[in-house]
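Chemist: Have a look at the structure that comes next, please.
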Amino acid sequence: SCFKPILYNMDLIKKVRKEVKAHHSSEKTVYESEDVKKPSNPQFPVFPRLSLSNKFDFLLKDSGKAVVDLESFRVRPDVDAIYYIPDFISTSDETNFWKQIHCDAAKWTELTSRRLQRFCLNVKKDGKTDSGFPDYIQQLAEAFVKVGIFKADKSDFPNHVLLNEYIPGQGIMHHTDGEKYEPLVAAISLNSPSVLTFVERQSTDEIGFKKPRVVSRLLLEPRSVVVFKNWVYENAMHGLDGVEEEKCGHIDNLKLVSDGMNKNTIIKRGVRVSITFRREKEGCGHSVPVAGMGTK
């Protein structure tokens, strides 16, 4: 079958985003309810302390080493390596994240298939460094350290965060994140489920002529974290179909997702945000993300 690109109605996209923002925010600023100009230098609102879900809130109370066995969240023992952590944050965390993501201080880059925000920490750019992470990003990065995904050492702490927002019908083509990053990615999903597919990388001669081998399929639920590294990072591509709904089908993390899910379950897409954490290698610098770059 031939590829049929989706034609995006930007007015519809803006309308959907406005409705979702209103649904998740019970508080309105003065200029949202009255004819008042927005501040010229908006700031991120104060972010409450991260609470995490009941399964992981003990991590915030324990100042010692991580006590979570990541191997218990490994998706397939024969693939090096993909992990799926359901319900990592609480519903209140998710609501607070949403307010931060859609506040007036947030700076969006609009792409054809999605929009995004980018945050960099201690990464050189024209001889300077970026201002760093907003508090909510910093707290989430520290939580990933506590669970054992990243290390607290400055040479291992995540320094690059990409936030992608998709409305129903939007996705991202299969891609790799490239050699400029360490082979370790952690991404959290917010607000809507989606199916993430990993396929084996192809040679130039195979692209368009040979269907790539599926390495793994995962259902990404809201508030869940997916981690992939090593062989999967270096030898597989990952992507999301641009659809409004999809059949769950065969997924490798079925035992880790919510009860009642099966291969016939229809996943209806809402507006979904993913926040992806990576470690950019020293000396690589960074560039403005472009279409086809980024993850999940």
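The values are calculated or read from the model by the stated rules, or taken from the named source; none is laboratory data. Keep in mind that this is a model prediction, so the values were computed, not measured. Quick reminder, even Gly has a Cβ in these numbers, built from the backbone with ideal geometry, and neighbours come from all protein chains shown. Just so you know, the surface numbers come from the protein's heavy atoms only, side chains and all, with ligands and any DNA or RNA stripped out. Shrake-Rupley method; radii C 1.70, N 1.55, O 1.52, S 1.80 Å.
Chemist: Filter the chymotrypsin sites (Phe, Trp or Tyr not before Pro) in region 139-233 down to the DSSP loop ones having no more than 14 other Cβ atoms within 10 Å, then list what survives.
Modeler: Passing sites in region 139-233 are F209.
Chemist: Find the centroid of the Cα atoms in region 165-212 and in region 79-103, then give the distance between the two in whole Å.
Modeler: Cα centroid of region 165-212 versus Cα centroid of region 79-103: 19 Å apart.
Chemist: According to the square roots a ≥ b ≥ c of the eigenvalues of the Cα gyration tensor, what is the shape class of region 78-213, taking rounded for a/c under 1.5, prolate for a/b larger than b/c otherwise, and oblate for the remainder?
Modeler: Cα axes put region 78-213 in the rounded bin.
Chemist: Using θ = phi - 60° and the Karplus relation 6.51 cos²θ - 1.76 cosθ + 1.60, list the HN-Hα couplings for region 75-87 in order, rounded to whole Hz, with x at every Gly or Pro.
Modeler: Couplings: 6, 9, x, 8, 10, 9, 8, 10, 10, 10, 10, x, 6 Hz.
Chemist: Under 5 Å between amide hydrogens, which residues at least 5 positions from L220 or on another chain qualify, with H placed 1.01 Å from N in the peptide plane?
Modeler: S194, V195, L196
Chemist: Which residue, T112, A81, T91, has the largest displacement toward the positive end of the dipole of region 71-122 when charges sit on each Cβ (Lys, Arg +1; Asp, Glu -1)?
Modeler: Farthest towards the positive end: T112.
Chemist: Excluding ligands and nucleic acids, what accessible area in Å² is computed for R118 using a 1.4 Å probe, to the nearest 10?
Modeler: Counting only protein heavy atoms, the figure is 60 Å².
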